[in-house]
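Below is one structure; the comments refer to it alone.
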Amino acid sequence: MAFRDGISNASIRKCVPFLDAMTAGYIIQLSADVFITQDLVVDQETKEVKSIPYYSWGYGTELQFHSPAQVPGHPMNTKEVPVPKFMSNWAIFTPPGYSCMFVHPLNRTDLPFRIMDGIVDTDTYHTSVNFPFTLKDPNFTGLIKAGTPIAQIIPFKRDSWRMKSGSDEHERKVWLSIRNLRSRAFNGYRKYFWSKKDFK
């Protein structure tokens, strides 16, 4: 690790917010291999030949599909094909007043798919939550292996919020935070601001 003009060249692995995001909550993994190929089909109206993704998997119910009419104009469903969804075997229970945010695994831009994020009130809804997704590359072919992270679950307490514009006191706290952060060559955020998160 080195500095130039007051800027560290430390890698992103030293970034606590980045690591906190990746380790927040719980991960649901794919339970079986899913293999994706591209089939050629002929549009009966235009006679145009185009490819559409074809999914194959084991004997379970790892995937189901939504009609493209259910997601009209979705920017990642450019081929207007049925939208697959990963099926989950898990029901989530949280204490009263707590919901769960279901998001694409954070900072996992390497995955060939992108699930549609959502929030479920898991203190009252006690059945599995499934994950519709689209392919990042509509022409993708290849294997999504069993054990691949498909969704990240982050529980949170439902609260009512009201936004207000900052005050002089808030501005003072901002500058105090900046001063503390810049007083440390390394790990200023971890020393002055960070709180350990615990998910078991």
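For helix 168-182, what angle does its Cα long axis make with the longest principal axis of the chain, in degrees from 0 to 90 and rounded to 10?
90
Label-point separation (nm) for residue 47 and residue 169, each offset 7 Å from Cα along Cα-to-Cβ?
Simple spin-label model gives 7.5 nm for this pair.
With the crude spin-label approximation of a point 7 Å out along Cα→Cβ, what separation in nm comes out for residue 66 versus residue 194?
3.7
Return the lysines within reach of residue 145: Cα separation strictly under 20 angstrom, same-chain partners fewer than 8 residues apart disregarded; answer none if there are no such residues.
85, 136
Give a residue-ordered list of calculated ³J(HN,Hα) values for the stretch 158-165 (Karplus: 6.51 cos²θ - 1.76 cosθ + 1.60, θ = phi - 60°; whole Hz; x for Gly, Pro).
Working through the residues one at a time gives 6, 10, 8, 10, 9, 7, 10, 6 Hz.
Please order 66, 126 by the number of other Cβ within 10 Å, starting at the fewest. Kindly include the intermediate steps, with their values, before the conclusion.
Numbers: 66 15, 126 10.
Going from least to most buried by this count: 126, 66.
Between [x] -0.46, -1.18; [y] -0.64, -1.12; [z] -0.37, -1.02, which matches log10 I(q)/I(0) by the Debye sum over Cα atoms at q = 0.10, 0.16 Å⁻¹ calculated for the structure shown?
It is the one labelled [y].
Across the stretch 16-28, in residue order, what do the Karplus-derived ³J(HN,Hα) couplings come to in whole Hz, using 6.51 cos²θ - 1.76 cosθ + 1.60 with θ = phi - 60° and x for Gly and Pro?
Once θ is set to phi - 60°, the couplings for the stretch 16-28 become 5, x, 4, 5, 4, 5, 6, 9, 6, x, 9, 10, 9 Hz.
None of the figures in this text is laboratory data; all of them are computed from the coordinates on show. It should be emphasised that the depicted structure is a prediction, and the values quoted were computed from it without experimental measurement. Because the Cβ atoms are built from the backbone with ideal geometry, glycine has one as well, and the counts that use them run over all protein chains shown.
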